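Visitor: Quick one: the structure is below, and I'll ask about it shortly.
The values are calculated or read from the model by the stated rules, or taken from the named source; none is laboratory data. The shown structure was predicted, so the numbers you read here are calculated from the model rather than taken from an experiment. Ideal geometry is used to build each Cβ from the backbone, glycine not excepted, and the neighbour counts take in all protein chains shown. Remember, those area values only see protein heavy atoms, side chains included, never the ligands or the DNA or RNA. Shrake-Rupley method; radii C 1.70, N 1.55, O 1.52, S 1.80 Å.
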Amino acid sequence: MENLCPTGQTSGSSTPGDSSRRSEAAGDSQGQPAWCVCQGCREMPSDIEKKCCDQDPPNCIAISALMVSNVLNERGGRIGNDDRGEMNRQRRKAAYRRFVEWKYGSLGSRNREVIPSCCVWKIRDCFPDPQGQYTGFIPGRGYFD
């Protein structure tokens, strides 16, 4: 299985359609959420996070070369922290910011966009939390207006 994480990073799963990535609370017999088109998404805890990149499986954004080069490859060298969990948290947050900037441009302070589930999980697979604890989407000001 191809690892699309940057060199030296781990990946829990790296391709859409991998049955090990699938949630048990699924929309079809193979465990795919009903709202997913790309076959790379996993169930998410809130309705607002149940967003797919809406691409055909071979064109899923999460497995694209641009995702690797624009989002997963670290810029600026090593983050100065020897705690692997904290280092991965910082890398995850930086990757989320790079994704938003890549896809939506600079949004400004407290403005948010939901990242597709397939991309969220690609980032989490590359920069995992040791306890599997993730914050999820936090809406900014006026998100639901």
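Visitor: Pairs, please: C-beta under 7 Å, at least 6 apart or cross-chain, first residue within 26 Å of Cys38 (Cα to Cα) and in contact (Cβ under 8 Å) with a residue 60 or more places away in the chain and in the range 101-118, second open to solvent by 20 Å² or more (accessible area, probe 1.4 Å) and not in a loop (DSSP other than H, G, I, E, B)?
Guide: Qualifying pairs under 7 Å: Val114/Ile48; Ile115/Tyr96; Ile115/Val100; Pro116/Ile61; Cys118/Ile61.
Visitor: In addition: Can you tell me which residues in the range 87-112 are under 22 Å from Ala65 (Cα atoms), open to solvent by 50 Å² or more (accessible area, probe 1.4 Å) and assigned to a loop (DSSP other than H, G, I, E, B)?
Guide: Ser106
Visitor: Of these, Arg124, Arg78, which one is touching a helix residue (DSSP H, G or I) at 6+ places or on another chain (Cβ under 9 Å), basic (Lys, Arg) and modelled with pLDDT under 90?
Guide: On the way: Arg124 fails: modelled with pLDDT under 90.
Unique residue meeting the criteria: Arg78.
Visitor: Quick one: what pairs do we get from the range 49-77, first residue more than 23 Å from Ala94 (Cβ to Cβ) and among the basic types (Lys, Arg), second assigned to a helix (DSSP H, G or I) and modelled with pLDDT of 90 or more, C-beta under 7 Å, 6+ apart or different chains?
Guide: Note: pairs meeting the criteria are Lys50/Ser117.
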